[in-house]
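Down below is the structure, laid out as structure tokens.
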Amino acid sequence: MTTTLALGPEWLKPDVIISWLGPWALVGLALIVFAECGLLLGFFLPGDSLLFTAGLFVAQGAIGFPLWAVCALLVVAAFVGNVAGYYIGRAAGPAVFDKPESRLFKPKHVARTQEFFDKYGTRAIVLGRFVPIVRTFITVMAGVGRMDARRYFTYSLIGGVLWAAGVTVLGFWLGQFQFVRDNIELMLLLIVFLSVVPIVIEIIRARRTPGAHAAH
């Protein structure tokens with residue numbers, strides 16, 4: 001299985017990552033999901049496409065574990081990552097976001113996440129799972145804002161199941177079709193495209209809002 005289209009650096013391509021991990025693929029996947037959900041430095045990791053590809057690999061027998069076990073471990077990794085991010089934010093406070101811009105940290109990501117949180121409230125914990133970058137920063141932001149822990153954990157678990165298990169099962173199910181198996185790179189591009197659609201929509205809305213206010 002190869003990915004020939006431009007999906008970023010070679011080492012960030014989901015199939016390359018899983019193939020490189022070999023027999024440790026499941027452990028590696030869990031650690032990557034944990035990092036993307038709980039550590040601010042994990043925002044660049046290919047979460048959606050990685051979960052989808054994991055499902056494809058399970059369908060083809062390239063990952064030697066049953067689908068339920070893969071989904072269960074990834075859900076746990078996502079949930080534990082969210083818990084870690086929450087307590088990092090709770091312990092560090094607003095200072096965790098008070099850093100100069102760099103390749104690994106951009107204030108605009110924090111601002112975008114704050115807007116997402118303000119718009120959707122506690123639902124953002126679930127919805128944010130499906131929005132790249134937002135899913136990384138929103139966990140820490142919930143801790144900084146001292147969101148009620150019980151409510152946060154409940155929404156985190158729901159989001160973890162829908163995202164980690166849902167996207168993996170989707171990859172497994174689509175992996176039954178020959179067209180999908182023959183066009184892995186196309187499917188990954190589609191996943192990447194769908195994952196950035198929410199960001200594009202929010203950017204368009206943000207640009208239209210000032211104009212609407214100016215008209216009044």
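The values are calculated or read from the model by the stated rules, or taken from the named source; none is laboratory data. Given the structure is predicted, the values throughout are model-derived calculations rather than measurements. Backbone-built Cβ (ideal geometry, glycine too); neighbour counts: all protein chains shown.
Being of a type in the set (D, E, K, R) and either closer than 28 Å to residue 15 by Cα or crowded, with 18+ Cβ neighbours inside 10 Å (or both) is a property that residue 112 has. Those residues that are among the aliphatic types (A, V, I, L, M) and either in contact with a Leu (Cβ under 6 Å, 6 or more places away or on another chain) or crowded, with 16+ Cβ neighbours inside 10 Å (or both), I need them from the range 141-161; list them, please. Hits for the range 141-161 are 141, 142, 144, 147, 157, 161. Checked against the criterion of being under 25 Å from residue 190 (Cβ atoms) and in a helix (DSSP H, G or I), the candidates 126, 140 yield just one match: 126.
Does the range 120-141 contain at least one residue that is farther than 19 Å from residue 74 by Cα and modelled with pLDDT under 75? No, the range 120-141 has no match at all. Contact map, the range 136-150: residues that are closer than 16 Å to residue 118 by Cβ paired with residues that are crowded, with 24+ Cβ neighbours inside 10 Å and charged (D, E, K, R), Cβ distance under 9 Å, separation 6+ or inter-chain. Pairs shown: 138/129.
If I ask for residues that are small (Gly, Ala, Ser), free of Cβ contacts under 8 Å to residues at least 60 places away in the same chain and within 17 Å of residue 20 (Cα to Cα), which ones from the range 44-90 would you list? Answer for the range 44-90, where residues must be small (Gly, Ala, Ser), free of Cβ contacts under 8 Å to residues at least 60 places away in the same chain and within 17 Å of residue 20 (Cα to Cα): 61, 64.
With the condition kept exactly as written, say whether any residue in the range 22-31 is within 24 Å of residue 142 (Cα to Cα) and either surrounded by fewer than 22 Cβ atoms within 10 Å (Cβ to Cβ) or under 15 Å from the mean Cα position of the chain (by Cα) (or both).
The answer is yes; a qualifying residue exists.
The residue list 114, 176 contains one member that is out of contact with any His (no Cβ under 8 Å at 6 or more places or on another chain), outside any loop (DSSP other than H, G, I, E, B) and either under 19 Å from residue 32 (Cβ atoms) or at pLDDT below 85 (or both), which is 114. Annotation: of all residues in the range 55-81 being out of contact with any Phe, Trp or Tyr (no Cβ under 8 Å at 6 or more places or on another chain) and not hydrophobic (A, V, I, L, M, F, W, C), the one that is surrounded by the fewest Cβ atoms within 10 Å (Cβ to Cβ) is 61.
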